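The values are calculated or read from the model by the stated rules, or taken from the named source; none is laboratory data. On a predicted model such as this, the values are computed, not experimentally measured, just so you know. Cβ atoms come from the backbone with ideal geometry, glycine included; neighbour counts cover every protein chain shown. When the accessible area is computed, the model is the full protein with side chains, heavy atoms only, and any ligands, DNA or RNA have been set aside. Shrake-Rupley method; radii C 1.70, N 1.55, O 1.52, S 1.80 Å.
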Amino acid sequence: EKYWGPRQGEVRARAVEVFGVAGPFLIKVLAEWRAGQLAGRERERSAELREILTRLGPTFIKLGQALSVRPDLVGPSAMNELQQLCDAVPSFPSDIAFETIRQELGRDVNEVFSEITPAPIAAAS
């Protein structure tokens, strides 16, 4: 409450963003499943899911990574697509990362870290 209370507008905006990106995909998958057409489009939908998770950012990439090793929850096509999130995660923009650090800690990045490079060395989760 102490953290999220003052950020209710940000929470709502993020919820709208998530549902705006994922909602149409989920509706499409549900419609195809009900029509018995999903099995024929599994590879296409799996790739689309990976792209959506990547677009939604680090938390959703982590969710995709977790699902990539769960054959009891997703099929082989989805596992293969989601495995790409483990092997080739896109880097996060440094300017956004530095600004987030500044906002959250109230200090410049160079005051917090003794050394930090603007270009990422690798992507990690």
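Below is a table of values for the structure above.
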{"quantity": "Near pairs, Cβ below 6 angstrom, 6+ apart or cross-chain, from the stretch 95-109 (within 22 Å of residue 6 (Cβ to Cβ) and free of Cβ contacts under 8 Å to residues at least 40 places away in the same chain) to any residue that is open to solvent by less than 100 Å² (accessible area, probe 1.4 Å) and assigned to a helix (DSSP H, G or I)", "calculated": "101/109; 105/112"}
{"quantity": "Per-region count, the stretch 71-105, residues under 14 Å from residue 116 (Cα atoms) and polar (S, T, N, Q)", "calculated": "1"}
{"quantity": "Lone unmet requirement of (1) within 29 Å of residue 118 (Cα to Cα); (2) assigned to a helix (DSSP H, G or I) for residue 29", "calculated": "(1)"}
{"quantity": "Pick from the stretch 1-51, criterion closer than 25 Å to residue 74 by Cβ and basic (Lys, Arg), ranking: farthest from the chain's Cα centre (by Cα)", "calculated": "34"}
{"quantity": "Long-range neighbours under 9 Å by Cβ, at least six apart or interchain, first residue charged (D, E, K, R) within the stretch 1-23, second open to solvent by less than 90 Å² (accessible area, probe 1.4 Å)", "calculated": "17/56"}
{"quantity": "Search result, residues across the stretch 46-67 that are open to solvent by less than 60 Å² (accessible area, probe 1.4 Å), free of Cβ contacts under 8 Å to residues at least 40 places away in the same chain and not hydrophobic (A, V, I, L, M, F, W, C)", "calculated": "46, 48, 50, 54, 57, 64"}
{"quantity": "Residue within the stretch 32-45 that is assigned to a helix (DSSP H, G or I), open to solvent by less than 80 Å² (accessible area, probe 1.4 Å) and either under 24 Å from residue 91 (Cα atoms) or in contact with a His (Cβ under 8 Å, 6 or more places away or on another chain) (or both) present", "calculated": "yes"}
{"quantity": "Conditions (1) out of contact with any helix residue (DSSP H, G or I) (no Cβ under 6 Å at 6 or more places or on another chain); (2) open to solvent by 100 Å² or more (accessible area, probe 1.4 Å); (3) within 27 Å of residue 87 (Cβ to Cβ): number failed by residue 16", "calculated": "(3)"}
